[in-house]
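Student: I am attaching a structure below and will ask some questions about it afterwards.
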Amino acid sequence: VVEDDGKSQVVTSATRKVRSYDVATGELLWECSGLGPNTIPSPVAGGGMVFAMSGFQRNSLLAIRLGGTGDLSDSQSIVWRHNRSTPYVPSPLLYGDRLYLFAGNNAVLSCFDAKSGRALIEAQRLQGLQNIYASPVGAGGKIYLVGRDGGTIVLKESDKLEVLATNRLPDRFDASPAIAGKDLFLRGREFLFCIAEK
């Protein structure tokens, strides 16, 4: 749900399109083609833009400026695009002015300047992670990444790849981490973990 010009709208991605609906009426406000089939990642929004992507059979990332109506495909509302190394299952993370995303379900990370689309980190493999379903999360100037095999990586929020810590938890993880206050919750297949300051 995003706010634009004082109105709330629901932005949702689906096969081959991203669409926005008026929360109050359900009216279709705008749509934009360019995504692939079987779109799973949720769109994220900030800075007056929505970022929608797909990574199954077609790698596509669309940075769409809010405020348009109707069919925005190939219009000036598309601020920038990227057509490589986009996620299949994990959603992206928009943290400040940086957009973080995985390639497919792989431990290959990219980071873009959200306003311009300039690549800051492009398709760099992360040692210690394998197979990713969980979306990245950010807090306190750090990015938290979790692999399906229990591997975890903490990155510094930065224009370059700076690994602060790597860990391994005795479980398998498909769910994205959740942050509440200063606590980080990770739901595995068998256990719920809470990582907190002492």
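The values are calculated or read from the model by the stated rules, or taken from the named source; none is laboratory data. Given the structure is predicted, the values throughout are model-derived calculations rather than measurements. Cβ coordinates were reconstructed from backbone atoms using ideal geometry, including for glycine residues, and neighbour counts include every protein chain displayed. Each accessible area value is taken on the protein alone, full model and side chains, heavy atoms only, with ligands, DNA and RNA left out. Shrake-Rupley method; radii C 1.70, N 1.55, O 1.52, S 1.80 Å.
Student: Between F193, F173, F185, which is out of contact with any Ser or Thr (no Cβ under 9 Å at 6 or more places or on another chain), touching a residue at least 24 places away in the same chain (Cβ under 8 Å) and of a type in the set (F, W, Y)? Please lay out each step first, then the result.
Tutor: Details: F173 fails: out of contact with any Ser or Thr (no Cβ under 9 Å at 6 or more places or on another chain); F185 fails: touching a residue at least 24 places away in the same chain (Cβ under 8 Å).
F193 is the lone residue from the list that is out of contact with any Ser or Thr (no Cβ under 9 Å at 6 or more places or on another chain), touching a residue at least 24 places away in the same chain (Cβ under 8 Å) and of a type in the set (F, W, Y).
Student: Among the numbered criteria (1) assigned to a loop (DSSP other than H, G, I, E, B); (2) open to solvent by less than 40 Å² (accessible area, probe 1.4 Å); (3) within 19 Å of A175 (Cβ to Cβ); (4) touching a Lys or Arg at 6+ places or on another chain (Cβ under 9 Å), which single criterion is violated by V89?
Tutor: In the conditions (1) assigned to a loop (DSSP other than H, G, I, E, B); (2) open to solvent by less than 40 Å² (accessible area, probe 1.4 Å); (3) within 19 Å of A175 (Cβ to Cβ); (4) touching a Lys or Arg at 6+ places or on another chain (Cβ under 9 Å), V89 misses (4) alone.
This table checks each residue for (1) farther than 26 Å from W80 by Cα; (2) of a type in the set (A, V, I, L, M, F, W, C); (3) in contact with a strand residue (DSSP E or B) (Cβ under 6 Å, 6 or more places away or on another chain).
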| residue | (1), (2), (3) |
| --- | --- |
| G117 | no, no, yes |
| Q127 | yes, no, no |
| Y133 | no, no, no |
| V137 | no, yes, yes |
| R148 | yes, no, no |
| G151 | yes, no, yes |
| S158 | no, no, no |
| N167 | yes, no, yes |
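Student: For the range 178-198, give me each residue that is of a type in the set (A, V, I, L, M, F, W, C) and under 13 Å from V137 (Cα atoms). Show your work before the answer.
Tutor: Of all residues in the range 178-198, those of a type in the set (A, V, I, L, M, F, W, C) come to 178-180, 184-186, 191-196.
Those that are of a type in the set (A, V, I, L, M, F, W, C) and under 13 Å from V137 (Cα atoms): A178, I179, A180, L184, F185, L186.
Student: Can you tell me which residues in the range 116-133 are under 15 Å from P92 (Cα atoms) and among the charged types (D, E, K, R)?
Tutor: Of everything in the range 116-133, just one residue is under 15 Å from P92 (Cα atoms) and among the charged types (D, E, K, R), namely E122.
Student: Is one or more of the residues making up the range 171-178 among the hydrophobic types (A, V, I, L, M, F, W, C), part of a loop (DSSP other than H, G, I, E, B) and surrounded by 12 or more Cβ atoms within 10 Å (Cβ to Cβ)? If you could, list the steps in order and put the result at the bottom.
Tutor: Of the residues in the range 171-178, the ones among the hydrophobic types (A, V, I, L, M, F, W, C) are 173, 175, 178.
With the extra rule that they be part of a loop (DSSP other than H, G, I, E, B), the set shrinks to 173, 175.
Then drop every residue that is not surrounded by 12 or more Cβ atoms within 10 Å (Cβ to Cβ), which leaves 173, 175.
Checking the range 171-178: at least one residue is among the hydrophobic types (A, V, I, L, M, F, W, C), part of a loop (DSSP other than H, G, I, E, B) and surrounded by 12 or more Cβ atoms within 10 Å (Cβ to Cβ).
Student: Among the numbered criteria (1) of a type in the set (S, T, N, Q); (2) over 24 Å from S54 (Cα atoms); (3) crowded, with 21+ Cβ neighbours inside 10 Å, which single criterion is violated by S110?
Tutor: Result: S110 fails condition (2) only.
Student: If you don't mind, another one. Can you tell me which residue within the range 179-198, out of those that are among the charged types (D, E, K, R) and part of a strand (DSSP E or B), is surrounded by the most Cβ atoms within 10 Å (Cβ to Cβ)? Quick ask: steps written out before the conclusion?
Tutor: Within the range 179-198, the first condition is being among the charged types (D, E, K, R), and the residues that meet it are 182-183, 187, 189-190, 197-198.
So of that shortlist, the ones also part of a strand (DSSP E or B) come out as 183, 187.
Details: D183: 11, R187: 16.
Here the residue is R187.
Student: Tally the residues that are without any contact (Cβ under 8 Å) to a residue 40 or more places away in the chain, of a type outside the set (V, I, T) and assigned to a loop (DSSP other than H, G, I, E, B), restricting the search to the range 1-14.
Tutor: Total meeting the criteria: 1.
Student: Ok, one more. Count, please, the residues in the range 120-160 that happen to be open to solvent by 40 Å² or more (accessible area, probe 1.4 Å) and closer than 14 Å to A103 by Cβ.
Tutor: Qualifying residue count for the region: 7.
Student: Contact list please: Cβ distance under 9 Å, first residue in the range 44-70 and free of Cβ contacts under 8 Å to residues at least 40 places away in the same chain and β-branched (V, I, T), second residue surrounded by fewer than 22 Cβ atoms within 10 Å (Cβ to Cβ) and not in a loop (DSSP other than H, G, I, E, B), pairs at least six apart or on different chains.
Tutor: Pairs that qualify, where the first residue is free of Cβ contacts under 8 Å to residues at least 40 places away in the same chain and β-branched (V, I, T) and the partner is surrounded by fewer than 22 Cβ atoms within 10 Å (Cβ to Cβ) and not in a loop (DSSP other than H, G, I, E, B): there are none.
Student: Within the range 92-107, can you find the residues that are in a strand (DSSP E or B) and either open to solvent by 50 Å² or more (accessible area, probe 1.4 Å) or at negative phi (or both)? Outline the logic, then answer.
Tutor: Step one: of the range 92-107, the residues in a strand (DSSP E or B) are 93-95, 98-104, 106-107.
Answer for the range 92-107, where residues must be in a strand (DSSP E or B) and either open to solvent by 50 Å² or more (accessible area, probe 1.4 Å) or at negative phi (or both): L93, L94, Y95, R98, L99, Y100, L101, F102, A103, N106, A107.
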